[in-house]
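Encoded as structure tokens, the structure appears first; notes follow it.
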Amino acid sequence: MNDDFRELKARVRRLNEVLAARGPGHLPFAQAVSAVQRAVRHGDRSRTPTPELLGLLEKAEQLGRSLVDG
């Protein structure tokens, strides 16, 4: 696994922690985290994450920030 993918997986773990703390009550956030997890599972860990995968991650992080800040 390369370092970029390792960092991505760490960011996904933080999203999972937010989801676990808040519960699945915020459906768009839960769906975004799920989409990122599926994309990571099917991604090539030996390469740099694709722009699509990074986009999914950023969308989930944005939704997560709105939960934490709001």
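Selection of region 53-70 for residues being touching a residue at least 40 places away in the same chain (Cβ under 8 Å) and surrounded by 13 or more Cβ atoms within 10 Å (Cβ to Cβ) yields LEU53, LEU54, LEU57, ALA60, GLU61, GLY64, LEU67. If the condition is being farther than 13 Å from LEU15 by Cβ and in contact (Cβ under 8 Å) with a residue 12 or more places away in the chain, then region 29-52 contributes GLY43, ARG45, SER46, ARG47, THR48, PRO49, GLU52. Sort out which residues of region 20-53 are under 17 Å from SER66 (Cβ atoms) and at pLDDT below 90, and write them in order of number. Passing the criteria: ALA21, ARG22, GLY23, PRO24, GLY25, HIS26. Restricting attention to region 1-19 and to residues that are farther than 16 Å from VAL68 by Cα and touching a residue at least 12 places away in the same chain (Cβ under 8 Å), the residue that is surrounded by the fewest Cβ atoms within 10 Å (Cβ to Cβ) turns out to be MET1. Every residue in region 2-23 that is under 15 Å from GLU58 (Cβ atoms) and not in a helix (DSSP H, G or I), please. Residues satisfying the conditions do not exist here.
Within region 24-56, the residues that satisfy the criterion of being closer than 17 Å to ASP4 by Cα and assigned to a loop (DSSP other than H, G, I, E, B) are GLY43, ASP44, ARG45, SER46, ARG47, THR48, PRO49, THR50.
The values are calculated or read from the model by the stated rules, or taken from the named source; none is laboratory data. In this text the structure is predicted, and so the values were computed from the model without any measurement. Every residue, glycine among them, receives a Cβ derived from its backbone with ideal geometry; neighbour counts consider all protein chains shown.
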